[in-house]
Amino acid sequence: MNIFLDANILISVFNREYPLFIHSARVLSLAGGSHFSVYTSPLCLAIAYYFAEKKSGASLAKQKIKLLTQKIKVTTIDQEVVLFAANDKAIHDFEDGVEYYAAKKAKCTCIITEDVNDFYFSKIEVLTAEQFVKHYLL
């Protein structure tokens, strides 16, 4: 199963934001296993880096990004993804649209985010980290 992690999931792990950290870290720990392929986008990584840098400084934030990208897969955001997001009339938040189409291009079957309502337009399953853990891991 291919799963896509939104920036807020990465941020909660990078910055150890409780109580979300417990479930987000569990989901992130699936990377490298045999049952799940874990993806995120360059945009999510940039957003997560920004918040990690604010909390921990640039050096530690870069270390976190390097470690993370050794474990998970990174989708592409290319012209096709951008145009799909820009042309989809159902999408009101361009960034969410870019994330959605990047996940779709990577053949992800689930988007994990704490802002489930932001993906109201999704034809891909959208769950919080806690919902994902309860549904797929317990």
| query | Name the pairs whose Cβ atoms lie under 6 Å apart, with the first residue in the stretch 107-118 and touching a residue at least 60 places away in the same chain (Cβ under 8 Å) and within 17 Å of F21 (Cβ to Cβ), the second of a type in the set (A, V, I, L, M, F, W, C) and in a helix (DSSP H, G or I), and 6 or more positions between them or separate chains? | reply | I112/I9; I112/V27; I112/A129; I112/F132
| query | Which of the residues spanning the stretch 23-45 are under 14 Å from I65 (Cα atoms), in a helix (DSSP H, G or I) and in contact with an Asp or Glu (Cβ under 9 Å, 6 or more places away or on another chain)? | reply | L43, C44
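Yes/no matrix, rows are residues, columns are (1) modelled with pLDDT of 95 or more; (2) more than 13 Å from the chain's Cα centre (by Cα); (3) surrounded by 13 or more Cβ atoms within 10 Å (Cβ to Cβ); (4) small (G, A, S):
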{"position": "A85", "(1), (2), (3), (4)": "yes, yes, yes, yes"}
{"position": "A90", "(1), (2), (3), (4)": "yes, yes, no, yes"}
{"position": "F94", "(1), (2), (3), (4)": "yes, yes, no, no"}
{"position": "E99", "(1), (2), (3), (4)": "yes, no, yes, no"}
{"position": "A102", "(1), (2), (3), (4)": "yes, no, yes, yes"}
{"position": "K123", "(1), (2), (3), (4)": "yes, yes, no, no"}
{"position": "L127", "(1), (2), (3), (4)": "yes, no, yes, no"}
{"position": "Q131", "(1), (2), (3), (4)": "yes, yes, yes, no"}
| field | Evaluation of V38 against (1) closer than 17 Å to I77 by Cα; (2) touching a Ser or Thr at 6+ places or on another chain (Cβ under 8 Å) (one fails), failing number | value | (2)
| request: Output the residue which, of all residues in the stretch 31-47 that are over 15 Å from C108 (Cβ atoms), out of contact with any strand residue (DSSP E or B) (no Cβ under 8 Å at 6 or more places or on another chain) and of a type in the set (A, V, I, L, M), is surrounded by the most Cβ atoms within 10 Å (Cβ to Cβ). | output: I47
| note | Restricted to the stretch 63-80 and to residues being surrounded by 11 or more Cβ atoms within 10 Å (Cβ to Cβ) and more than 16 Å from the chain's Cα centre (by Cα), the residue nearest to I9 (Cα to Cα) is Q63
| query | Would the stretch 55-62 turn up any residue that is in contact (Cβ under 8 Å) with a residue 24 or more places away in the chain, within 13 Å of the chain's Cα centre (by Cα), on the phi < 0 side of the Ramachandran plot and surrounded by fewer than 20 Cβ atoms within 10 Å (Cβ to Cβ)? | reply | no
| message | Can you find a residue that is part of a helix (DSSP H, G or I), polar (S, T, N, Q) and closer than 15 Å to I11 by Cβ anywhere in the stretch 51-58? | response | yes
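So that you can scan it fast, the table gives a plain yes or no per residue for (1) modelled with pLDDT of 95 or more; (2) over 18 Å from K134 (Cα atoms); (3) outside any helix (DSSP H, G or I):
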| position | (1), (2), (3) |
| --- | --- |
| I3 | yes, no, yes |
| I9 | yes, no, no |
| F21 | yes, no, no |
| I47 | yes, yes, no |
| Q63 | yes, yes, no |
| message | Every residue in the stretch 104-121 that is assigned to a loop (DSSP other than H, G, I, E, B) and buried (at least 21 other Cβ atoms within 10 Å of the Cβ), please. | response | C108, T113
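The values are calculated or read from the model by the stated rules, or taken from the named source; none is laboratory data. This is a predicted model, so every value here is computed, not measured. Neighbour counts run over all protein chains shown; Cβ positions are idealised from the backbone, glycine included.
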